[in-house]
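Read through the structure below, which is laid out as structure tokens, and then see the notes.
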Amino acid sequence: MLRYAEIFRNAGVVNGKRILSEESVKEMVKPHIQTQPGRFYGYGLMITPDYFGTTLVEHGGGLKAISAQLSILPEKGVSGVVLTNLAGVPAARVMQLAFNAYGGREVEASHISFEEYEIGEERLEQYQGEYESNEGMKVSIVIKDGKPVLISQKAEIPIMFVKENAFIAYVNDSTEIAEILVDDNNEPWGISYHFRQFPKVSTKQVVK
């Protein structure tokens, strides 16, 4: 995996041999589509243009019994890989902590900061309901003990609004940014979350 990462760490050159043209590598790590504020999708790779003042190139994922993360800081000449044989391990978070230690930062340091946005009760009620992606994955926004909660894969995930139409979710010791999608009349019609769009399928309020 580290040898593969050399393609992106070293602009297409591995062990002194050019595997991929420098132009192709630049195109792969170019921010093409924004997936969340400050984070983009390139060609098969996630790109954060301003990660503590440098570019972060990464890809992660998990299936039953595995979780993995590949991260590269090309401008710093640094690559890292996390491989585990457990599902649900926050591999990306482990990699982030390792990069913080390597960079001489506080281990818990984050390249972005958030302040809580006081969203109005009426607006929050408009966001409540069930959302479903084209592949059948479902999430819901509910109110529990007076606080908004995201329900995903039967898990209750605490969320905090940072703008009227954006919130952060705390998942497996990691922070994900989600956006409420609205139409031209500012009416909510979906959620952009976890690299997917979830159109709203139910306006029924789910309140606990």
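Rolling a 1.4 Å sphere over the protein heavy atoms, what is the accessible area per residue of region 37-118, to the nearest Å²?
56
Through the Karplus equation 6.51 cos²θ - 1.76 cosθ + 1.60, θ set to phi - 60°, convert the phi angles of region 15-23 into ³J(HN,Hα) values in whole Hz; use x for Gly and Pro.
The phi angles translate into 6, x, 10, 7, 9, 9, 5, 4, 5 Hz.
Give the angle, between 0 and 90 degrees and rounded to the nearest 10, that separates the Cα long axis of helix 91-102 from the longest principal axis of the Cα atoms of the chain.
60
Would you mind calculating the relative contact order of the chain from Cα pairs under 8 angstrom and at least 6 residues apart, reporting the percent as a whole number?
13
P(r) of region 41-97 in 5 Å steps, Cα pairs, percent per bin?
Bins of 5 Å from zero give 5, 20, 28, 23, 15, 7, 2, 0 percent of pairs.
In terms of the Cα gyration tensor, with a ≥ b ≥ c the square roots of its eigenvalues, is region 98-148 rounded because a/c is under 1.5, prolate because a/b exceeds b/c, or oblate?
oblate
Output wanted: per-residue J couplings in Hz (rounded whole) for region 103-112, from phi through Karplus 6.51 cos²θ - 1.76 cosθ + 1.60, θ = phi - 60°, x for Gly and Pro.
x, x, 9, 4, 4, 8, 4, 10, 7, 10
Just subtract the alpha-carbon distance of Leu2 and Ser174 from 0.36 nm times their residue separation and send over the number in nm, one decimal.
Full-extension gain reported as 59.6 nm.
In whole percent, and with a 1.4 Å probe on the protein chains, what portion of the accessible area of the chain is carbon and sulfur?
Of all accessible area on the chain, carbon and sulfur atoms account for 51 percent.
Considering the Cα trace of the chain, what is its radius of gyration and what is Dmax, both in angstroms?
Just the Cα atoms of the chain yield Rg and Dmax of 18.9, 61 Å.
Could you state how much accessible area Phe40 has, in square angstrom rounded to the nearest 10, with a 1.4 Å probe and all protein chains kept in place?
50
Counting only residues 5 or more places away or on other chains, whose amide H sits under 5 Å from the amide H of Ile112 once H atoms are built in the peptide plane?
Placed amide hydrogens put nothing under 5 Å from Ile112.
So what are the ³J(HN,Hα) numbers for region 134-139, from phi and the Karplus equation (6.51, -1.76, 1.60; θ = phi - 60°), rounded to whole Hz, Gly and Pro as x?
Those phi angles translate into 5, 8, x, 6, 10, 9 Hz.
Quick query: amide H of Val182 versus all other amide H atoms, modeled in the peptide plane; which residues come in under 5 Å with a sequence gap of 5 or more or a different chain?
Distant-sequence amide H within range of Val182: Trp189.
Using a 1.4 Å probe and ignoring any ligands, DNA or RNA, find the accessible area of His194 and quote it in Å² to the nearest 10.
Near enough 60 Å² of accessible area.
Largest first and in whole Å, what are the equivalent-ellipsoid semi-axes of region 1-81 based on the Cα gyration tensor, each being the root of 5 times an eigenvalue? Walk me through the numbers on the way to the answer.
Numbers: eigenvalues 76, 57, 28 Å².
The equivalent ellipsoid of region 1-81 has semi-axes of 19, 17, 12 Å.
Cα atoms only: what Rg and Dmax, in Å, come out for region 1-45?
11.8, 37
Mind giving me the nanometre distance, one decimal, between the label points for Lys26 and Arg123, set 7 Å out from Cα along Cα→Cβ?
About 4.1 nm separates the two model spin labels.
Exposed loop GluC sites (Glu not before Pro) only (DSSP loop, at most 15 other Cβ atoms within 10 Å): please give the longest stretch of the chain free of them, not including the sites.
The longest such stretch corresponds to 1-74.
The values are calculated or read from the model by the stated rules, or taken from the named source; none is laboratory data. None of these values were measured; they are calculated from a predicted model. Don't worry about glycine lacking a Cβ; one is built from the backbone with ideal geometry, like all the others, and counts go over all protein chains shown. What goes into the accessible areas is simple: the full protein's heavy atoms, side chains included, and nothing from ligands, DNA or RNA. Shrake-Rupley method; radii C 1.70, N 1.55, O 1.52, S 1.80 Å.
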